[in-house]
Amino acid sequence: MGTIILGIESSCDDTSAAVVRDRTLLSNVIAGQEVHEKYGGVVPELASRAHQQHIVPVVDTALEAAGVGRDQVDAVAFTRGPGLLGSLLVGSSFAKGFTAALGIPMIEVNHLQAHIMVHFLLAGDAVDLSPPFPFLCLLVSGGHTQLVRVESHHEMKILGRTIDDAAGEAFDKCAKLLGLPYPGGPHVDRLASEGDPGKFSFSRPRLEGFDYSFSGLKTSFLYFLRDRLKEDQHFIDKYRHDLAASLQATIVKILMDKLKRASKETGIRHVALAGGVSANSGLRQELLRVSENRGWKIYIPPMRFTTDNAAMIAITGYYRYLAGQFAPEDIVPLARIYFSEEGS
Ligand code: KG4
Ligand code: ZN
């Protein structure tokens, strides 16, 4: 029979529901929100309203696609945070109502841990490619950038994190300066494939330890464009591809330098990527190249599991279910939560 978990994700601008039977993904439905595009970023009030409209049909579709009836669900896992409070409230309220009606438990999930846990899903051809413990995970998303030492399904230790912008934010903010739509990361990626990554150079931070910083790069990119545009107002149009390629190469170098150092210092050679920016082809190629030189075994999530999805919430919920980690009925969502430096 197996354990059936319904996962709900609503931390930002995607409403998603997924069903797993043990580790096997049965369905994963995502409704995006185009309403934010014209604002160049996510508008929290519009996001929570769109979640309210999407949540019921998205859950119904996920259950139907999985061939699972409501009465077969053993527990509901939902994103408690971090994320936008209004958006999180929609998912957590839904989980409360659904579980109360059926008399089943509710499981809180940390969105950041879930991005990492996606590596334990069995999807598609159901080949088990999950990393052994301990492994290092570079978690790169629109809101977070962390270098994590993963000890078990429940224990994760943050070795370093960004002190200002996240890697995805650096992509998105610089993309905006190039006149690209939000979110800009995928557009930069596409343009970069036809550009010269060595054409321009931008400043890289000099930070001790494993922490990251991306705000200096954004400023350096801004001033560079401003100066060049003074000389030639068509500069961006002429060099769009080279600018994207050089920007991407700089972000990838910043990310990879610390990852290489972390692997060297910890002696861990199982290395995983997670989060929206792990869709980036420059990052994937560089990880592959470095892994060949250094004898790393690497774990890259399938494209559809890099950005926000409920499959990652459901699989995290499954492991918490096995450990008996259930949420109280009066649980509230939290806009900011991190797994602690010492463990989860
Ligand atoms: O993990 P995610 O879906 O949402 C958060 O939890 O933040 O990540 C979204 C981020 C955005 O900043 C987006 O621009 C970036 O992931 N992203 C990319 C690519 N695809 C998505 N960045 C660079 N290259 C891509 N191919
Ligand atoms: Zn995310």
Exercise for the section: Provide a single number: the residues in region 112-158 that are within 16 Å of ligand 1 (Cβ to nearest atom) and either free of Cβ contacts under 8 Å to residues at least 12 places away in the same chain or assigned to a helix (DSSP H, G or I) (or both). Expected result: 8
Problem - Breaking point among (1) open to solvent by 50 Å² or more (accessible area, probe 1.4 Å); (2) within 16 Å of ligand 2 (Cβ to nearest atom), for SER141 - result: (1)
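Suppose the filter is open to solvent by 60 Å² or more (accessible area, probe 1.4 Å) and assigned to a strand (DSSP E or B); does ARG161 pass it?
Values: open to solvent by 60 Å² or more (accessible area, probe 1.4 Å): yes; assigned to a strand (DSSP E or B): yes.
Considered against the rule, which asks whether it is open to solvent by 60 Å² or more (accessible area, probe 1.4 Å) and assigned to a strand (DSSP E or B), ARG161 comes out as yes.
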Problem - Hits in region 44-86 - residues which are open to solvent by 40 Å² or more (accessible area, probe 1.4 Å) and farther than 22 Å from VAL332 by Cα - result: PRO57, ASP60, THR61, GLU64, ALA65, GLY67, ARG70, ASP71, GLN72
Practice task
Could you please find all residues in region 164-194 being within 16 Å of ligand 2 (Cβ to nearest atom) and either acidic (Asp, Glu) or part of a helix (DSSP H, G or I) (or both)?
Solution key: ASP165, ALA167, GLY168, GLU169, ALA170, PHE171, ASP172, GLY185, PRO186
Practice task
Considering only region 116-150, state which residues are within 16 Å of LYS258 (Cα to Cα) and charged (D, E, K, R).
Solution key: ARG149
Completion exercise
Among residues of region 181-220 being open to solvent by less than 70 Å² (accessible area, probe 1.4 Å) and hydroxyl-bearing (Ser, Thr, Tyr), the residue nearest to ARG284 (Cα to Cα) is TYR212
Practice task
Report yes if LYS96 is of a type in the set (D, E, K, R), over 30 Å from THR266 (Cβ atoms), open to solvent by 20 Å² or more (accessible area, probe 1.4 Å) and at pLDDT 95 or above, otherwise no.
Solution key: yes
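Residue-by-condition table, conditions (1) in contact (Cβ under 8 Å) with a residue 12 or more places away in the chain; (2) more than 23 Å from ARG161 (Cα to Cα); (3) within 15 Å of the chain's Cα centre (by Cα):
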| residue | (1), (2), (3) |
| --- | --- |
| HIS241 | yes, yes, no |
| LYS253 | yes, no, no |
| GLY267 | no, no, no |
| ALA279 | yes, no, yes |
| TRP296 | yes, no, no |
| ILE313 | yes, no, yes |
| VAL332 | yes, yes, no |
Practice task
Scan GLU169, GLU151 and give me the residue that is open to solvent by 50 Å² or more (accessible area, probe 1.4 Å) and touching a strand residue (DSSP E or B) at 6+ places or on another chain (Cβ under 7 Å).
Solution key: GLU151
Fill in the blank from the handout: Residue pairs qualifying under the 9 Å Cβ cut-off, at least six apart or on distinct chains, with the first in region 21-38 being outside the structural domain of VAL68 (by TED's automatic domain parsing) and the second being at pLDDT 75 or above and open to solvent by less than 50 Å² (accessible area, probe 1.4 Å), are none
Exercise for the section: Enumerate the pairs (first residue in region 40-51 and farther than 22 Å from GLY168 by Cα; second residue anywhere and modelled with pLDDT under 80) with beta-carbon separation below 7 Å, excluding pairs fewer than 6 apart on the same chain, so at least 6 apart or on different chains. Expected result: ALA50/GLN33; ALA50/VAL35
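The values are calculated or read from the model by the stated rules, or taken from the named source; none is laboratory data. Computed from a prediction, not measured in an experiment: that's the story for all the values here. When we count neighbours, we look across all protein chains shown, and the Cβ atoms used for this are built from the backbone with ideal geometry, even at glycine. Side chains are part of the model used for accessible areas, which takes the heavy atoms of the whole protein and leaves out ligands, DNA and RNA. Shrake-Rupley method; radii C 1.70, N 1.55, O 1.52, S 1.80 Å.
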